[in-house]
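The values are calculated or read from the model by the stated rules, or taken from the named source; none is laboratory data. Just so it is clear, the structure is predicted and the values come from calculations on it, not from any experiment. Virtual Cβ from ideal backbone geometry, glycine too; neighbours counted across all protein chains shown. For accessibility, only protein heavy atoms count, side chains too; no ligands or nucleic acids. Shrake-Rupley method; radii C 1.70, N 1.55, O 1.52, S 1.80 Å.
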Amino acid sequence: MEEKVQKNNSKKAIIGVVIVVVIAIIAVIGYVGFNAYKEVSQRVILNEELTTLSKKTLGKDNFNTEIKTSGDYAKVEKTIKEYLQKYSDAINAITEESAKTANIQGVVEKEKLEGRKSEVQQIKTNVENSVNTIIEMSSEEYIKKQIEEQGLSQKYVDLYNELMIGDLSSKLEKEKETMSTIKDKVMELFDKVIETYDYLLQHKDSWKVENGQLLFYNSTELREYNKLVQELQTKARLMTLTR
């Protein structure tokens, strides 16, 4: 009789162990399944956010919006949004500086000429800095560096690079070259404007402003000034044609 009781207890113990093992397996499967669902869910949310961002306009809209994902996905999302915001800010800065050129057109009195020249030099510096920022940010190296600084695993680094670069490496390099060429032309245009102001400053006694017009006292300096103006107009026209 005692032996039978021992056997029954042994069976109960085995059944108890099996139940514990089954519960543990179910828990593991549930955990893995939940994480797999969470991974897919986070990727879906990230893709939705990127779709929303793609409808925005660089240089105009806000890209540094609320982070919708969580965990390491949130770091990827944040890095992408911060990059786009910085790029957008650089474009906006160029737009704002370009708008200022409307205020420096036309004839200016002698006593305001030095100030006008300084305005142009400042606009030139600001535009150059913003264009340099865009050129730097257009490189594949710069884009990758942003995510590498986040200390994420390779899985998330690869995800970021896939979303941000994909197969656009050659296009990015071409864009960088185009921006560099445009920058050189814009800087030449500003330099010619400054050269024109320098000429007027160096020949202050050779001209005057009358009825909103610039009048020279002798034909030689008038020809020299007109030559500078024609060169400036040519550069401006070429800029318009190459846009």
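Values as computed for the structure displayed
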quantity: Candidates Ala74, Ala102, filtered to the one that is of a type in the set (A, V, I, L, M, F, W, C) and open to solvent by 60 Å² or more (accessible area, probe 1.4 Å); calculated: Ala102
quantity: Tally of residues being in a helix (DSSP H, G or I) and surrounded by 18 or more Cβ atoms within 10 Å (Cβ to Cβ) across region 134-155; calculated: 5
quantity: Unmet requirement for Asn129, which otherwise passes all of (1) open to solvent by 50 Å² or more (accessible area, probe 1.4 Å); (2) part of a loop (DSSP other than H, G, I, E, B); (3) on the phi < 0 side of the Ramachandran plot; (4) not aromatic (Phe, Trp, Tyr); calculated: (2)
quantity: Answer residue from region 158-172, given it is in contact (Cβ under 8 Å) with a residue 12 or more places away in the chain and over 30 Å from Leu189 (Cα atoms) and is surrounded by the most Cβ atoms within 10 Å (Cβ to Cβ) among those; calculated: Tyr160
quantity: Some residue of region 176-198 being closer than 24 Å to Glu119 by Cβ, open to solvent by 40 Å² or more (accessible area, probe 1.4 Å), touching a Phe, Trp or Tyr at 6+ places or on another chain (Cβ under 9 Å) and at pLDDT 90 or above; calculated: no
quantity: Single unsatisfied condition, Thr95 versus (1) closer than 26 Å to Lys208 by Cα; (2) assigned to a helix (DSSP H, G or I); calculated: (1)
quantity: Verdict on Leu201 being at pLDDT 90 or above, outside any helix (DSSP H, G or I) and surrounded by fewer than 14 Cβ atoms within 10 Å (Cβ to Cβ); calculated: no
